[in-house]
Amino acid sequence: MIKDGALEGVQAIFGLHVLPSHATGTIGSRPGPMLAGAGRFMATIQGKSGGIILATSIIILALQQFVSPETDPLEARVVTVSFVDSRQADSVISGSVKLGGTFRSMTTEGLTHLHRRITEVIEMQASVHGCSAVVDFMEEERRPYPATFNDQQIYKLVNLLSSTGGHGS
């Protein structure tokens, strides 16, 4: 926000969060990546009733399998499928299935990569199984948020001030 000029004259922003694992009056932090950024996705798969179950199953497996081989082992990325919904009676297989979940990364580049690959994987796997898919990242209703990255110099300043009771050196 500062780089984009939204907060003219502001040099830094501090976010605070209370954690029960930290004693009152202490500050826990580190420089660099701190919290993962995250987004949500929902896909609608459409096809013939019998094939759509196989397509949805393969899509879920593919979403779980592409992250590891495409990610640097030192960078955390994850895709979670948290719901599958076909809303039909017990004796009828639907021609439409919705599935969705979240994706997280410690970098902006990682979030962008996951966004692109989630779309590719869902659309391609649906097509392979004779189905169609529409992927919605719900960015208007639930805007994704970026990873939290602590500036090295600001971290050093906060560390110094917190260790001296806020009075500098």
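The values are calculated or read from the model by the stated rules, or taken from the named source; none is laboratory data. Here the structure is a predicted model, which means the values were calculated and not measured. Reconstructed Cβ throughout: ideal geometry from the backbone, glycine too, with neighbour counts over all protein chains shown. The area values use the complete protein model at the heavy-atom level, side chains included, leaving out ligands, DNA and RNA. Shrake-Rupley method; radii C 1.70, N 1.55, O 1.52, S 1.80 Å.
Summary of values
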read-out	value
From the options THR102, THR71, residue that is within 15 Å of the chain's Cα centre (by Cα), surrounded by fewer than 18 Cβ atoms within 10 Å (Cβ to Cβ) and at pLDDT 90 or above	THR102
Failed item, numbered, when THR148 is tested on (1) crowded, with 16+ Cβ neighbours inside 10 Å; (2) within 30 Å of HIS17 (Cα to Cα); (3) modelled with pLDDT under 90	(1)
The one condition in (1) open to solvent by less than 60 Å² (accessible area, probe 1.4 Å); (2) under 19 Å from HIS129 (Cβ atoms) that GLN64 fails to fulfil	(1)
Residue in the stretch 109-123 that is within 30 Å of LEU16 (Cα to Cα) and among the polar types (S, T, N, Q) present	yes
Single residue of the stretch 37-61 satisfying the filter (small (Gly, Ala, Ser), buried (at least 20 other Cβ atoms within 10 Å of the Cβ) and under 15 Å from LEU111 (Cβ atoms)) that is modelled with the highest pLDDT	GLY39
Residues located in the stretch 74-99, provided they are among the basic types (Lys, Arg) and exposed (fewer than 14 other Cβ atoms within 10 Å of the Cβ)	ARG87
Subset of the stretch 62-77 [of a type in the set (Asp, Glu) and under 12 Å from THR107 (Cα atoms)]	ASP72, GLU75
Residue under evaluation ARG116, criteria (1) modelled with pLDDT of 95 or more; (2) surrounded by 13 or more Cβ atoms within 10 Å (Cβ to Cβ); (3) more than 24 Å from SER29 (Cα to Cα), criterion not met	(2)
Selection from the stretch 82-141 of residues that are touching a Phe, Trp or Tyr at 6+ places or on another chain (Cβ under 9 Å), aliphatic (A, V, I, L, M) and part of a loop (DSSP other than H, G, I, E, B)	MET106, MET138
Any hit, the stretch 67-75, residues being of a type in the set (A, V, I, L, M), in a loop (DSSP other than H, G, I, E, B), touching a Gly at 6+ places or on another chain (Cβ under 9 Å) and on the phi < 0 side of the Ramachandran plot	no
Hey, ARG77 within 11 Å of the chain's Cα centre (by Cα) and of a type in the set (D, E, K, R) or not	yes
Options ASP151, ASP72, ASP85; residue that is acidic (Asp, Glu) and in contact (Cβ under 8 Å) with a residue 60 or more places away in the chain	ASP151
Test for SER127: is it open to solvent by 40 Å² or more (accessible area, probe 1.4 Å), closer than 17 Å to LYS48 by Cα, among the hydroxyl-bearing types (Ser, Thr, Tyr) and in contact (Cβ under 8 Å) with a residue 12 or more places away in the chain	no
